[in-house]
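Right, one structure below, let's go through it.
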Amino acid sequence: MLVEELLYKPDNSFIKQSYHPIYMSYLLNLAGFGLAAWDDSSVNPKNPFFYKSDTLPFYDNNLRHLAMKISPHCFLAHLRGVSYNIQQVVSNQNVHPFIFEGTNIALAHNGALENFIDMKYDLLEYIAPEYQKQIVGTTDSEWIYAIFLTQLMPKANNYNEHDILNAITETLKILQKVRAKRNIFINSPVNLFITDGDFIAATRFVFDYGWPEQNSSQSLHYLYHSLWYTYGESYGFYDNEYKMKSNKTKSSIIIASEPLTQDATTWIEVPEYTMILAKLENGEIKIISQDIDI
């Protein structure tokens with residue numbers, strides 16, 4: 001399907017969520033937009049189309065025209081939301097998703113690591129040199145991505161879904177270890193979205209939930225960030241509304257921070273402290289759900 005039918009057309013479309021989210025109404029996502037899209041009919045299909053801009057997405061005509069043209073088989077889009085203070089850096093380098101040279105795995109992140117500036121250089125110990133030199137922005141998300149790729153390195157040329165889930169778990173363990181070293185015990189959501197065009201993995205997780213700091217610069221990230229998915233035969237405009245069409249064959253899935261439609265009856269909320277991975281096998285969506293126990 002056209003990307004336009006995900007970004008613009010549903011009643012709770014992704015672009016609408018940038019200025020009027022339903023489930024995370026306390027957070028406006030006005031610090032940039034990015035996408036990665038995989039299309040088997042394109043040149044070098046293992047590598048995605050890639051578009052990032054630090055402008056407001058609902059004013060971005062280039063994005064709208066691109067969305068009217070591409071119909072990829074796998075698609076990752078991200079709206080960046082930041083706290084409202086002068087310390088935040090709004091730039092193209094900080095827009096998600098991230099894709100480093102030498103890999104086609106992309107990552108986007110909802111959330112923030114509290115007191116990241118106090119812990120970031122301790123993380124270098126856990127990042128391979130080839131990824132250290134590719135970090136160009138100021139976000140905690142890009143460092144999380146570099147740690148994840150490093151954990152996956154031993155299987156980088158031949159990984160499976162369990163290797164992905166293990167690399168995610170190890171990444172969260174490293175972050176937890178460094179936070180403890182720096183005595184950081186404050187709410188820090190880490191909802192990750194990871195894909196290479198063949199799988200999609202996502203987490204719904206918070207470090208030290210229930211331990212806020214009153215004067216924190218990241219106060220907008222105290223609450224649990226939502227995560228939902230819907231799957232079936234195909235997503236589209238059926239019976240005068242956008243929804244996932246159900247059938248015996250389930251070959252399509254959408255994982256999103258919140259449903260793309262105000263009617264969420266065909267959507268499933270991902271439980272807290274859970275990661276899921278979806279992959280198409282023999283024409284059917286296979287979903288693995290696993291507790292995050294670290």
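The values are calculated or read from the model by the stated rules, or taken from the named source; none is laboratory data. All figures in this text were calculated on a predicted structure; none of them were measured in a lab. Reconstructed Cβ throughout: ideal geometry from the backbone, glycine too, with neighbour counts over all protein chains shown. The accessibility values were calculated without ligands, DNA or RNA, using every heavy atom of the protein model including side chains. Shrake-Rupley method; radii C 1.70, N 1.55, O 1.52, S 1.80 Å.
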Based on this model, can you work out whether GLN93 counts as farther than 22 Å from ILE253 by Cα, at pLDDT below 95 and either outside any loop (DSSP other than H, G, I, E, B) or of a type in the set (Val, Ile, Thr) (or both)? yes
Pairs where the first residue, in the stretch 39-51, is farther than 14 Å from LEU2 by Cα and the second is in a loop (DSSP other than H, G, I, E, B) and open to solvent by 50 Å² or more (accessible area, probe 1.4 Å), C-beta under 8 Å, 6+ apart: ASP40/HIS73
Close pairs (9 angstrom Cβ cut-off, 6 or more residues apart or separate chains): farther than 19 Å from GLU170 by Cα and of a type outside the set (Asp, Glu) in the stretch 127-138, open to solvent by 30 Å² or more (accessible area, probe 1.4 Å) and in a helix (DSSP H, G or I) anywhere: VAL136/GLN93; GLY137/ASN92; GLY137/GLN93; THR138/GLN93
Looking only at the stretch 241-274, and only at residues there that are in a strand (DSSP E or B) and charged (D, E, K, R), the one that is least open to solvent (accessible area, probe 1.4 Å): LYS243
Go through the stretch 145-161 and give me each residue that's in contact (Cβ under 8 Å) with a residue 12 or more places away in the chain and either within 19 Å of the chain's Cα centre (by Cα) or not in a helix (DSSP H, G or I) (or both). TYR145, ALA146, ILE147, PHE148, LEU149, THR150, GLN151, LEU152, ALA156, GLU161
Give the residue, chosen from ASP39, ASP54, ASP60, that is modelled with pLDDT of 90 or more and among the acidic types (Asp, Glu). ASP39
Taking the stretch 285-294 on its own, how many of its residues are under 20 Å from GLY232 (Cα atoms) and open to solvent by less than 70 Å² (accessible area, probe 1.4 Å)? 3
Those residues that are open to solvent by 30 Å² or more (accessible area, probe 1.4 Å), in a helix (DSSP H, G or I), farther than 16 Å from TYR145 by Cβ and in contact with a helix residue (DSSP H, G or I) (Cβ under 8 Å, 6 or more places away or on another chain), I need them from the stretch 163-184; list them, please. ASN166, LYS181
Of all residues in the stretch 8-23 being over 22 Å from TYR224 (Cβ atoms) and touching a strand residue (DSSP E or B) at 6+ places or on another chain (Cβ under 7 Å), which is most open to solvent (accessible area, probe 1.4 Å)? LYS9
Taking TYR131 as meeting all but one of (1) crowded, with 17+ Cβ neighbours inside 10 Å; (2) over 30 Å from LEU56 (Cα atoms); (3) touching a Leu at 6+ places or on another chain (Cβ under 8 Å), write down the number of the exception. (2)
Residue satisfying all of: in the stretch 163-197; free of Cβ contacts under 8 Å to residues at least 12 places away in the same chain and out of contact with any Lys or Arg (no Cβ under 7 Å at 6 or more places or on another chain); farthest from ILE276 (Cα to Cα) among these: ASN183
Given the criteria within 19 Å of GLU5 (Cβ to Cβ) and either at pLDDT 95 or above or not small (Gly, Ala, Ser) (or both), does LEU260 qualify? yes
Please specify each residue of the stretch 113-125 satisfying the condition of being part of a helix (DSSP H, G or I) and surrounded by 18 or more Cβ atoms within 10 Å (Cβ to Cβ). PHE116, MET119, LEU123
